[in-house]
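Undergrad: The structure that follows is given in the form of structure tokens.
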Amino acid sequence: MGRIIAIDYGRKRSGLAVTDPLRICANGLPTVRSCDLMAFLKDYCSKEPVDFFIIGEPKDLKGNPSESVKYITPFINQLKKEFSDKEIVMFDERFTSAIAHQQMLAGGFKKKDRQNKGKADEMAAVLILTSYLESRDFSMKLS
């Protein structure tokens, strides 16, 4: 069983998270400049088995696609082309950045560390992946 990579795609940088080989928990990967993301993913996938990608889907409060979708769509198209053998799943990312900042506060991060936007992006990717894993566990229990 391969790993799952979650991507919190941003115009400047992207937060990343990955599961362990058994897909039990999510761990952060280094935040990557979005212009370097594809090269990072190719390198990572050449070293580790990855089955699919979870992409944070930005939505507004009503559940409609937000303005950010126009920046993510070209990346997804490129990802589909480069990794045609892997599934790509969009997963709701509403509030993940806000929750990441709250967790940094609750975790006692110093102000300087909380201002590190790359760390917040990484934490947002972990939240996306954790939420995805939990939703899958719940749906499996219903079956």
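The values are calculated or read from the model by the stated rules, or taken from the named source; none is laboratory data. Source: prediction; values computed, not measured. In this analysis, Cβ positions are derived from the backbone assuming ideal geometry, glycine residues included, and neighbour counts consider all displayed protein chains. To get the accessible areas, we keep the full protein, side chains included, count just its heavy atoms, and leave off ligands, DNA and RNA. Shrake-Rupley method; radii C 1.70, N 1.55, O 1.52, S 1.80 Å.
Undergrad: With the requirement that a residue be free of Cβ contacts under 8 Å to residues at least 40 places away in the same chain, part of a helix (DSSP H, G or I) and surrounded by 14 or more Cβ atoms within 10 Å (Cβ to Cβ), what does segment 60-81 give you?
TA: Passing the criteria: Val69, Ile76.
Undergrad: Let me ask something else. Within the group Gly28, Gly15, Gly10, which residue is touching a residue at least 12 places away in the same chain (Cβ under 8 Å) and either among the hydrophobic types (A, V, I, L, M, F, W, C) or open to solvent by 30 Å² or more (accessible area, probe 1.4 Å) (or both)?
TA: Sole residue among the options that is touching a residue at least 12 places away in the same chain (Cβ under 8 Å) and either among the hydrophobic types (A, V, I, L, M, F, W, C) or open to solvent by 30 Å² or more (accessible area, probe 1.4 Å) (or both): Gly28.
Undergrad: Pick from segment 111-124 the residues that are within 12 Å of Val32 (Cα to Cα) and open to solvent by less than 30 Å² (accessible area, probe 1.4 Å): which of them is modelled with the lowest pLDDT?
TA: Gly118
Undergrad: A further question on this structure: In segment 79-104, how many residues are more than 17 Å from Val50 (Cα to Cα) and either polar (S, T, N, Q) or at pLDDT below 60 (or both)?
TA: Matching residues across segment 79-104 total 10.
Undergrad: Being under 14 Å from Leu129 (Cα atoms), within 15 Å of the chain's Cα centre (by Cα) and not hydroxyl-bearing (Ser, Thr, Tyr) is true for just one of Arg33, Arg3. Which residue is that?
TA: Answer to the selection: Arg3.
Undergrad: Collect the residues in segment 1-39 that are outside any strand (DSSP E or B) and closer than 15 Å to Phe75 by Cα, keeping them in residue-number order.
TA: Selection gives Tyr9, Gly10, Arg11, Lys12, Ser34, Cys35, Asp36, Leu37, Met38, Ala39.
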